[in-house]
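Down below is the structure, laid out as structure tokens.
Any read-out appearing in this document is the output of simple, stated calculations on the displayed coordinates, not a laboratory observation. Everything numeric here is computed off the predicted structure, so don't read it as measured data. Note that each Cβ is placed from the backbone with ideal geometry, even for glycine, and that neighbours are counted across all protein chains shown.
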Amino acid sequence: MRDELNKNLAQMLKGGVIMDVSTPEQAVIAEKAGACAVMALERIPADIRAVGGVSRMSDPKMIRSIQETVSIPIMAKARIGHFVEAQILQAIEIDYIDESEVLSPADDVFHIDKKQFKVPFVCGAKDLGEALRRIQEGASMIRTKGEPGTGDIVQAVRHMRKIQGEMRMLTSMSKDELYNAAKVLAVPFELVEYVAKHGKLPVVNFAAGGVATPADAALMMQLGAEGVFVGSGIFKSGDPAKRAAAIVQAVTNYEDAKLLADISADLGEAMVGINEQEIELMMSERGK
Amino acid sequence: MKIGVLALQGAFLEHIEMLRKLGVETVEIRQKGDLVDFDGIVLPGGESTAMGKLLRDLELFAPLQEALRGGTPCLGTCAGLILMSKRFEDSEWRHLDLLDVTVRRHGFGRQIGSFATTAEFAGESVPMVFIRGPYITEVGENVEVLAKVEEKIVAVRQGNLLGVAFHPELTEDFVVHRYFLGMR
């Protein structure tokens, strides 16, 4: 039952934008701009890259200050495999835990056994195998990994196309081929069978990692995302409130190019960003 | 019969699927031009602040308010109920300002407080799913209470407006949607 209720919350987030915030003031800007949830974290991914070092769960005091400020759901990140950080986040009644490759992994083999928790988890994936393994472990929402903190959409596009393409392949397979697909993907047959039958994941699937403009957000929606996470793209830009509101509108009307042209105009400077060839740390390689 | 489903954010596809199974034609309302003369309008679950902001940015607010004031039947679930309501315990928010009730948003708590139960709705037993759900603390004299859970009001009707705090669209039960379609 808990599992269903947690998937249900993700359904309520669909068609929405989840924004990274590091202060209550930023959370208010995000809520007013129309965010459907916020991710509370001390340093947004672009700053994690810039500062380096080990990055961990945020200070619960900082997360609480955001919980007290806004009424939309609050998410927070735990390190991959760090089930005690997750226990702490559950204890402060977080609405969603992101077991995230943005933070330094705490375990290089095991992910958190998410079925032991009452609160829901979202996890990153760059292909269908990763997505279904996270769902098997108890994730009730999936997002593409993309490459956080870069402002470069190429990785999120690659991951979304990969996941969608692999799902389309499953829908055309015969049963004996599906048995083999489960083996190749290293996931349970029941999940493969679900995807083959429905052509989609059994949980909500968002895009994340590199979204910086309304056009980026609309691109991910047209590629099949059910909503979008924006991390550094908003608060590393020239006019966060305006850009945030424009991205929210782009996710609702992602197929209307004329409207996208209007809301893309005069947004001020986008985050500078960093190309994938220039990156030293590939966060998306964490946790498979 | 043609029902418009507000499709700005949230669980609108679930309502569309539900109505499709009942053999009803639906149209997604994403911008001003989509809002035509419908036989009914659904305001789905999702985040009320996000939908409220989009209603204004997309200039849907005034025409939608006008349609509902004009008597178009409307089903609001969870965030949809909040959009219709006049008063809130915890904020000065002004949304569509139509349903004469006071709502406590997230009355049942954060996600850890989300739950499912079965209770009577207008005399019929109905499965109810509450996701960070609100409840109603006060109703005006023209408002009929249709359901209560844990002594709290979770479904009301005022003329053409049907507001429920739970999510019938997340279940296989058609009682609430049938009731709504019968309001014409």
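FRET efficiency for the pair residue A:179 and residue A:277, taken as 1/(1 + (r/R0)^6) with r the Cβ-Cβ distance and R0 = 25 Å, rounds to 0.05. Peptides B:111-122, A:220-231 ranked from most to least packed by the mean count of surrounding Cβ atoms within 10 Å: A:220-231, B:111-122. GNM on chain A, alpha-carbon springs under 10 angstrom: the most fluctuating residue among A:250, A:33, A:261 is A:261. Largest first and in whole Å, the equivalent-ellipsoid semi-axes of chain B read 22, 19, 16, each the square root of five times a Cα gyration tensor eigenvalue.
In chain B, the DSSP-assigned H stretches of four residues or longer account for a calculated mean residue ellipticity at 222 nm of -6500 deg cm²/dmol, using -39500 (n - 2.57) per stretch and the full residue count as denominator.
Based on the Kirkwood approach, the hydrodynamic radius assigned to the range A:1-47 is 11.8 Å, with every pair of different Cα atoms included. Computed over all pairs of different Cα atoms, the Kirkwood value for the hydrodynamic radius of the range A:229-288 is 13.3 Å.
Pairs over the 22 Å Cα-Cα cut-off, from the set A:77/B:53; A:118/B:86; A:7/A:126; A:7/A:258: A:77/B:53; A:118/B:86; A:7/A:258. Dipole check for the range A:1-159: with +1 at the C-beta of Lys and Arg, -1 at the C-beta of Asp and Glu, and the Cα centre as origin, the magnitude is about 240 Debye. Given in Å, the Rg to one decimal and the Dmax to the nearest whole number for the Cα atoms of the range A:144-288 are 17.3, 54. Annotation: average projected area of the range A:150-234 is 5.7 square nanometres, based on the convex hull of Cα atoms across all directions. Highest mobility in the GNM of chain A, judged by mean-square fluctuation with C-alpha springs under 10 Å and restricted to A:242, A:258, A:77, is found for A:258.
Around residue B:22, under 15 Å between beta carbons, what's the net of Lys plus Arg minus Asp minus Glu among the other residues? So the environment of residue B:22 carries a net charge of -2.
A cut-off under 13 angstrom between Cβ atoms defines the neighbours of residue A:216, and their net charge, with Lys, Arg +1 and Asp, Glu -1, is -1.
When restricted to Cα atoms, the range A:95-159 yields an Rg and a Dmax of 12.0, 35 Å, respectively. Label reach from residue B:56 (point 7 Å along Cα→C-beta): in the range B:62-98, amide nitrogens under 11 Å belong to B:93-95. For chain A, adding -39500 (n - 2.57) for each run of n ≥ 4 DSSP H residues and dividing by the number of residues yields -13000 deg cm²/dmol at 222 nm.
For chain A, modelled as a GNM whose springs connect Cα atoms under 10 angstrom apart, the maximal fluctuation among A:23, A:150, A:213 occurs at A:23. Counted over the protein assembly as shown with a bin width of 10 Å, the fraction of Cα pairs per bin, in whole percents, is 4, 21, 31, 26, 14, 3, 0.
Paramagnetic label reach from residue A:50 (point 7 Å along Cα→Cβ; backbone nitrogen cut-off under 18 Å): within the range A:234-256, residues A:234-241. Could you work out the local net charge near residue A:268, counting Lys and Arg as +1, Asp and Glu as -1, over the other residues with Cβ closer than 12 Å to its Cβ? Value of the local net charge: 0.
Could you tell me what % of all Cα pairs in the range A:32-80 have separations over 17 Å? For the range A:32-80, the fraction of Cα-Cα distances above 17 Å is 40 percent.
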